[in-house]
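Trainee: Pasting a structure here, questions to come.
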Amino acid sequence: MKRLLLFLALCGLAPAQEIKLPASENFHLFLLVGQSNMAGRGVVEEQDKAPLPRVLMLGKDGRWTAAVDPMHFDKPSAGVGLGRSFAKVLAEKEPGVTIGLIPCAVGGSPIDSWKPGVFYPPTKSHPWDDMVKRAVPALSVGVLKGILWHQGESDCKPELAGAYEAKLHDLVRRMRELLKSPQVPFIAGQMGRFPDVPWTPEIETVDRAHQTLPGKVPGCAFVSAEGLNHKGDKIHFDSPSYRELGRRYAEAWLKPSRP
């Protein structure tokens, strides 16, 4: 077993807590990328703050710690997302492994910001480059088992939507090349399809790129958001819906015919 010392802040102090990482082949890593609906904007409740058995996350400081919400740190509004419920299902189904989540989503980020060297002014960050700094070192202690992608709202504009599909296919290729995992499953989630929010032709175009991805790029899957609710802002899912969406991502990954 590998050992990693983590320092968890508590009341301004930093007591040491030793966390044992499993052998690398039993540490299954998942990259969480996209914009705010991947980062999560749900209200955090007590159930979201309780550590889960064999589920860890890579903290902002680059250290592994218990996976509790909010996992992301892209904006102060970060809250409940889909990562924990996704990992919980996998950990329960695969008792011999530990799940490691690598949060890298950036709220509001268009797909064009997920390229090397691109600066995204609203968060004063470099989405792609920052992901590289977190994900690549993590691969030294575990095995990448999946890339979870939830993004598209920022590209639902007349001048952007038509080019989205080609950019998405290119993104899948570049991420797999970067992480040296040419066959790693890439799972794309559907944007919120809320009954009180009419979809424009541009949203339909981006959604079609997500839905047809599995038939055009090997090793990909699509997760439906049908029946889920927003938290009142008509953009972001509410906490129960994020938890359900995470379970749907897990079901897609666990399917015998998974990518």
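Trainee: Give the residue from ASN37, LEU168, VAL55 lying farthest towards the positive end of the charge dipole for the chain; charges sit on Cβ (+1 for Lys and Arg, -1 for Asp and Glu) and the dipole is referred to the Cα centre.
Mentor: Projecting each Cα onto the dipole axis, the largest value belongs to VAL55.
Trainee: Can you tell me the order of 49-55, 167-173, 147-153 when each peptide is scored by its average per-residue count of other Cβ atoms within 10 angstrom, highest first?
Mentor: Those peptides, ordered most packed to least, come out 147-153, 167-173, 49-55.
Trainee: Among the aspartates and glutamates, which fall within straight-line cross-link reach of LYS145, defined as a Cα-Cα distance under 17 Å, with same-chain neighbours fewer than 8 residues apart omitted?
Mentor: Candidates past the 8-residue exclusion: GLU25, GLU92, GLU94, GLU177, GLU251.
Trainee: Whose amide H sits under 5 Å from the amide H of TRP64, counting only residues 5 or more places off or on another chain, with H placed in the peptide plane?
Mentor: It is GLY59, by chain and number.
Trainee: Another one. Considering only DSSP beta bridges with both partners in the chain, what is the antiparallel share in %, to the nearest 5?
Mentor: 35 percent
Trainee: Here's a follow-up. What dipole magnitude, in Debye to the nearest 20, does the stretch 146-259 give about its Cα centre under +1 on Lys/Arg Cβ and -1 on Asp/Glu Cβ?
Mentor: 580 debye
Trainee: Taking a point 7 angstrom from the Cα of ASP233 along the C-beta vector, which residues in the stretch 40-81 have backbone N less than 13 Å away?
Mentor: Residues passing the 13 Å test: 40-44, 74-81.
Trainee: Here is a follow-up. Just how large is the dipole of the chain about the Cα centre, in debye to the nearest 20, putting +1 at every Lys and Arg Cβ and -1 at every Asp and Glu Cβ?
Mentor: Here the chain has a charge dipole of around 820 debye.
Trainee: Go through the stretch 173-259 and name the GluC sites (Glu not before Pro) that are in a DSSP coil and have 12 or fewer other Cβ atoms within 10 Å of their Cβ.
Mentor: GLU226
Trainee: Give the label of the value calculated from the structure for Cα extents along the principal axes in Å, choosing from [x] 44, 42, 36; [y] 61, 45, 35; [z] 53, 38, 37.
Mentor: Computed from the coordinates, Cα extents along the principal axes in Å corresponds to [z].
Trainee: Another question about this same structure. What FRET efficiency comes out for the pair ARG174/VAL197, r = Cβ-Cβ distance, R0 = 41 Å, nearest 0.05?
Mentor: Efficiency computed from Cβ-Cβ geometry: 0.85.
Trainee: Count neighbours as other Cβ atoms within 10 Å of each site's Cβ, and list the trypsin sites (Lys or Arg not before Pro) in the stretch 174-259 that are DSSP loop with at most 10 such neighbours.
Mentor: For trypsin sites (Lys or Arg not before Pro) across the stretch 174-259 that sit outside H, G, I, E and B with at most 10 neighbouring Cβ atoms in 10 Å, the list reads LYS180, LYS234.
Trainee: With an 8 Å Cα cut-off and a minimum separation of 6 or more residues, compute the relative contact order for the chain in percent.
Mentor: Result for the chain is 21 percent.
Trainee: Distance cut-off 32 Å, Cα to Cα: go down the list LYS93/LYS180; LYS157/LYS255; LYS60/LYS167; LYS93/LYS216; LYS93/LYS234 and report the pairs above it.
Mentor: LYS157/LYS255; LYS93/LYS234
Trainee: Just rank VAL141, VAL206, fewest to most, by other beta-carbon atoms within 10 angstrom.
Mentor: With the fewest neighbours first, VAL141, VAL206 line up as VAL141, VAL206.
Trainee: What is the extension gain from LYS93 to ARG247, computed as 0.36 nm multiplied by their sequence separation minus the C-alpha to C-alpha distance, in nm to one decimal?
Mentor: Answer, rounded to one decimal: 54.2 nm.
Trainee: Full extension from GLU159 to SER140: what is 0.36 nm times the residue separation minus their Cα-Cα distance, to one decimal in nm?
Mentor: Here the answer is 2.8 nm.
Trainee: Would you grab the residues whose amide H sits under 5 Å from the one on ILE19? Only those 5+ places off in sequence or on another chain, please, with H modelled 1.01 Å from N.
Mentor: Result for ILE19 returns LEU4, LEU6.
Here, each number is a calculation from the coordinates, and none is a lab measurement. All of these numbers come straight from a predicted model, not from anything done at the bench. Here Cβ is always computed from backbone atoms with ideal geometry, including for glycine, and neighbour counts include all displayed protein chains.
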